[in-house]
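No lab work stands behind these numbers, since they all come straight from the coordinates. Not measured: the values here are computed from a predicted model. A quick note on method: Cβ atoms are made from the backbone with ideal geometry, for glycine too, and the neighbour counts reach across all protein chains shown.
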Amino acid sequence: MKQAFLTQKGPKAVGPYSTCVIAGNTAYMSGMIGINPAVGAIEATDTEGQARQVFENISTVLGEMGMTLENVVKVNVFMTDLSEFAKVNAIYAEYFKTPYPARSCVEVSKLPVGALIEIEVIAVLG
């Protein structure tokens, strides 16, 4: 059985989807973009700033569910410019510690509302 998790502190969904769905002890988080929840818009104009906001958003939503980034087992990163990958990789290493989650990273032509990066995660409670 699955259940949608509705965040009270993180950014709201920008379409007809759940921010996160919980099935058993696993949380499947939809892709997060760098929206600042306080203003409801992307403020950072560079990939690094947006990546930091994305990780803060993910941390916030996980926290609401009683989890942290240590519970994350899989990360999918979508970027509009892979030449920025080294910068994102450095920021990623600030937020995640060993053992690192499994990860994929792909370049895409566009992301919602002009975002430069989008990240989705799967986390397991326990």
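Summary table below
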item	result
Complete set of residues in the stretch 14-32 that are within 17 Å of T68 (Cβ to Cβ), small (G, A, S) and not in a strand (DSSP E or B)	none
Those residues of the stretch 83-126 which are within 14 Å of the chain's Cα centre (by Cα), surrounded by 13 or more Cβ atoms within 10 Å (Cβ to Cβ), touching a residue at least 60 places away in the same chain (Cβ under 8 Å) and not in a loop (DSSP other than H, G, I, E, B), in sequence order	I117, E118, I119, E120, V121, I122, A123
The listed residue being of a type in the set (D, E, K, R) and in contact with a helix residue (DSSP H, G or I) (Cβ under 7 Å, 6 or more places away or on another chain), out of E43, E64, E56, E48	E48
Count of residues meeting criterion [within 14 Å of the chain's Cα centre (by Cα) and either part of a strand (DSSP E or B) or among the acidic types (D, E) (or both)] in the stretch 43-63	2
Yes/no for A38 being farther than 12 Å from L62 by Cα and touching a helix residue (DSSP H, G or I) at 6+ places or on another chain (Cβ under 9 Å)	no
Residues of the stretch 70-83 that turn out to be out of contact with any strand residue (DSSP E or B) (no Cβ under 8 Å at 6 or more places or on another chain) and closer than 28 Å to S109 by Cα, as a count	1
Counted residues, the stretch 57-87 - those being in contact with a Phe, Trp or Tyr (Cβ under 9 Å, 6 or more places away or on another chain) and either over 22 Å from I22 (Cα atoms) or not hydroxyl-bearing (S, T, Y) (or both)	10
In the stretch 47-74, the residues that are touching a residue at least 40 places away in the same chain (Cβ under 8 Å), more than 13 Å from V124 (Cβ to Cβ) and surrounded by 18 or more Cβ atoms within 10 Å (Cβ to Cβ)	T47, Q50, A51, V54, F55, N57, I58, V61
So V21, is it closer than 19 Å to I117 by Cα, surrounded by fewer than 18 Cβ atoms within 10 Å (Cβ to Cβ) and β-branched (V, I, T)	no
Yes/no for F78 being among the aromatic types (F, W, Y) and within 14 Å of the chain's Cα centre (by Cα)	yes
